[in-house]
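Nothing in this text is a laboratory measurement; each read-out follows from the coordinates by a stated rule. Bear in mind the structure is a predicted one, so any value in this text is a computation, not a measurement.
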């Protein structure tokens, strides 16, 4: 009986804890859509994989000038959210389809001002969100926001 115990235990362990994971391997760029709107930066504005839109982080730049808007965290957050809304519309989606955002702030003490503006862009369905502060953002921005959304068409 003592000799059978390890064998029985092994069979039990394998039967109880053996799980199958299915992973789709992307074997070509045909399954990833890249949206590049500028040769100025070394990244795509967005990528789409399996109908999920991954927006690169956006800062509060005026699309017509490429310059950071004036007015601090409130003006920058409004411009960012307008830019996100416009990008999603071009890609066949909307703010209603955002399910995750990450907000990077230059100063965490400005979190409330950023959140107050951010909140006005969503109705009842609030995406999950993370926010943190760093030591500096591109172009001296006060905030940068990246989002994930579902592509609906």
If you project the alpha carbons of the range 32-86 onto their three principal axes, what span does each projection cover, largest first, in Å? 37, 22, 15
To the nearest whole percent, what portion of all C-alpha pairs in the range 82-150 is separated by more than 14 angstrom? 59
Dividing the Cα convex hull volume of the range 26-150 by residue count, how many Å³ per residue is that? 116
